[in-house]
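Just so it is clear, none of the values below were taken in a lab; they were calculated from the coordinates. It should be emphasised that the depicted structure is a prediction, and the values quoted were computed from it without experimental measurement. When we count neighbours, we look across all protein chains shown, and the Cβ atoms used for this are built from the backbone with ideal geometry, even at glycine.
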Amino acid sequence: MRNFACIICVLAALAAAASVPAQAQTATAFDGTYRGVSRHLEGASFGGSTRACPLPDGVPAPLRIVNGVARAGPAENPLEGSVTTQGVLVMNASRGAKFEGQIDAQGRAVGRLMFVCSYQLTWQRQ
């Protein structure tokens, strides 16, 4: 009976140890500040002219993720959203712009910002 109790204890300890990596993999794994790398104008949405696009190619403002909550852009109209445990990043702005992207294991966040114009944005974790 004593050996049976020891076996149960060992199995319980192994099960607890095996669950630690799964619990450790949370959206907070992507927390940090990401510096802007590039903003590339892809074109006007709805087939319009790119002359109406307000931002030229350049570098996006920093992206900050805290407790899985993401925020980027100007204070008056920021993109705000969240990142999943798989690194899927979705942010929206109050005026209707939407960003959908992915953060990879090397800390590179890449995605598309869509509104009147479409941009590909890239950030790198610092």
Could you check the simple spin-label distance between E76 and T28, using points 7 Å along Cα→Cβ, in nm with one decimal? 3.6 nm
Residues Q86 and E42, FRET efficiency given R0 of 25 Å [Cβ-Cβ distance, rounded to 0.05]: 0.55
Rounded to two decimals, the Debye log10 I(q)/I(0) of the stretch 27-125 (Cα scatterers, no solvent) at q = 0.15, 0.21, 0.23 Å⁻¹ is -0.54, -1.01, -1.19
When only Cα pairs under 8 Å and 6 or more residues apart are kept, what is the percent relative contact order across the stretch 27-125? 32 percent
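List the relative contact order of the stretch 87-126 as a percent without decimals, with contacts defined as Cα pairs under 8 Å and 6+ residues apart. Walk me through the numbers before you get to the answer.
Values: 69 pairs, mean separation 11.8, N = 40.
So the answer I get is 29 percent.
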Which far-off residues, 5 or more places away or on another chain, put their amide H under 5 Å from the one on A61, with H placed in the peptide plane? G73
Extension length gain for R112 and Q126 (0.36 nm per residue less Cα distance), in nm, is 3.0 nm
